[in-house]
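> Pasting a structure here, questions to come.
Every number here is computed from the coordinates shown, using simple stated rules; none is lab data. Bear in mind the structure is a predicted one, so any value in this text is a computation, not a measurement. Here the Cβ is made from the backbone with ideal geometry for all residues, glycine too, and neighbour counts use every protein chain on show.
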Amino acid sequence: MMTGRDACEVSIDSENEMISVRKVIRNVATEMGFGVTDVTRIVTAASELTRNIFLYASSGTMIWRTCEVNGNTGIELIFEDHGPGIADIEEAMQAGFTTGGGLGLGLPGTKRLMDDMEIKSQKGEGTVITIRKYLRRC
Amino acid sequence: MIAKNTSVIKIYNTLLVTVPADPDDNTITELQEHVLESMEKCVAKGVILDISMVETLDSFFARTITETIQMVAVMGGDTVIAGMRPSVAITAIQLGLNLGNVRTALNVELALDMVADFRPGGQK
Ligand SMILES: Nc1ncnc2c1ncn2[C@@H]1O[C@H](COP(=O)(O)OP(=O)(O)OP(=O)(O)O)[C@@H](O)[C@H]1O
Ligand SMILES: [Mg+2]
């Protein structure tokens, strides 16, 4: 569903969206001028957060848009769900913490791959995770 | 069942598994089963996982690969991961994936050299 030229929303309600999210983000980031390593970082982070949505919240959305922060152009991805929320964000950000039998790397790894990461979550309400990567930095 | 784009061929006593560019979770899970079944069917001694087409290696993919390597080992086989792209290697390490005890090779040819060493008789 397009919401403009420099923004787009993708709904996530099954594993099948992993592929579309990765494709969309790969194309957008490449077109914006990110190098192949940064594109891989961004797509991998998006893959982690998309999987978390269908694993823990079963459905949600991803919005991408271009952003401008302190004169730096970048890509911003917002992952939103109305699932159970994350009770303890600090705990969830620790490498190895998992309630889903995973490696517990998705959230801490995403933080390392991106330039910015913000998590807002309310138990019982849902989770919004915003990540950004800028063109200037490497 | 195996998704399209995944090929498993036998070279001598080694299985060469070519992982498609952007496999979804089902494809990765099917690939694991397919590799293990082929191990038995082909009486293979080793597996080369060619990931040179793979552009995204996330935590699920990594976990399944690591698991597959352990399962192949239990069946008496050795696995070599071949052809990881530089961008994928950088991302995997920054994500925090522990691929430290996974045998890797720059490409399939070098991987074949490694696996060939394990052949009975040791002939190359
Ligand atoms: N969208 C979400 N809604 C609710 N809980 C979440 C959400 N995303 C993550 N969590 C919680 O945070 C934990 C850590 O997530 P993270 O992605 O780091 O690891 P994982 O998903 O358990 O394993 P991995 O991503 O390595 O396969 C999860 O196990 C889950 O409890
Ligand atoms: Mg995760």
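> I need to check one value: relative contact order of the stretch A:1-75, counting alpha carbon pairs closer than 8 Å and at least 6 residues apart, in percent. Numbers along the way, then the final one.
Numbers: 82 pairs, mean separation 30.5, N = 75.
About 41 percent, as a whole number.
> Taking every DSSP beta bridge with both residues inside the protein assembly as shown, roughly what % is antiparallel (nearest 5)? Don't skip to the answer; put the middle values down first.
Numbers: 37 of 49 bridges.
About 75 percent, rounded to the nearest 5.
> Which of A:Thr99, B:Thr91 has the fewest other C-beta atoms within 10 Å, and how do the rest follow up to the most?
Working: A:Thr99 13, B:Thr91 27.
Least crowded to most crowded, the residues run A:Thr99, B:Thr91.
> Among A:Tyr56, A:Ala45, A:Asn27, whose Cα projects farthest towards the positive end of the dipole of chain A, with charges put on the beta-carbon of Lys, Arg (+1) and Asp, Glu (-1)?
A:Asn27
> Roughly how crowded by other chains is peptide B:85-93, in terms of the mean Cβ count from those chains within 10 Å of each of its Cβ atoms?
Details: counts 3, 3, 9, 4, 2, 6, 12, 3, 1.
Per-residue shielding by partner chains comes out at 5.
> Let me ask you something else. For a quick check: sort B:Ser59, B:Ser7, B:Ser38 by the number of other beta carbons within 10 angstrom, fewest at the front. Write out the running numbers ahead of the final one.
Details: B:Ser59 24, B:Ser7 12, B:Ser38 18.
Listing B:Ser59, B:Ser7, B:Ser38 from fewest to most nearby Cβ atoms yields B:Ser7, B:Ser38, B:Ser59.
> For A:Ser121, B:Ser52, what ranking results if the residue with the fewest other Cβ atoms within 10 Å of its Cβ goes first?
If I rank by nearby Cβ atoms, fewest first, I get B:Ser52, A:Ser121.
> Same structure again: Using the Karplus curve 6.51 cos²θ - 1.76 cosθ + 1.60 with θ = phi - 60°, work out ³J(HN,Hα) for each residue of the stretch A:72-87 in order, rounded to whole Hz, and write x for Gly and Pro.
9, 7, x, 10, 10, 10, 10, 10, 10, 9, 10, x, x, x, 10, 5
> Here's another thing I want to ask about it. Round to a whole angstrom and tell me the spacing of the C-alpha centers of the stretch A:97-138 and the stretch B:28-42.
33
> Follow-up. Could you calculate the contour length gain from B:Glu37 to B:Asn107, that is, 0.36 nm times the residue separation minus the distance between their Cα atoms, to one decimal place in nm?
Details: separation 70, 0.36 × 70 = 25.20 nm, distance 2.42 nm.
Length gained between B:Glu37 and B:Asn107: 22.8 nm.
> Fully extended, how many nm does the chain gain between A:His82 and A:Ala7 (0.36 nm per residue separation, minus their Cα-Cα distance)? Let's see the in-between values first.
Details: separation 75, 0.36 × 75 = 27.00 nm, distance 2.14 nm.
Additional length available on full extension: 24.9 nm.
> In the stretch B:7-114, if the dipole is taken from +1 on Lys/Arg beta carbons and -1 on Asp/Glu beta carbons about the Cα centre, which of B:Met84, B:Ile11, B:Leu95 is farthest to the positive end?
Of B:Met84, B:Ile11, B:Leu95, it is B:Ile11.
> Quick one: what are the phi-derived ³J(HN,Hα) couplings along the stretch A:27-43, Karplus 6.51/-1.76/1.60 with θ = phi - 60°, whole Hz, x for glycine and proline?
Taking θ as phi minus 60°, the curve returns 5, 4, 5, 5, 5, 5, x, 5, x, 4, 5, 5, 4, 5, 4, 5, 5 Hz for the stretch A:27-43.
> Could you run the Karplus curve 6.51 cos²θ - 1.76 cosθ + 1.60 with θ = phi - 60° over the stretch B:29-44 and give me ³J(HN,Hα) per residue in whole Hz, x for Gly and Pro?
Computed from phi, the couplings for the stretch B:29-44 are 5, 5, 4, 4, 4, 4, 4, 5, 5, 5, 3, 5, 4, 8, 6, 7 Hz.
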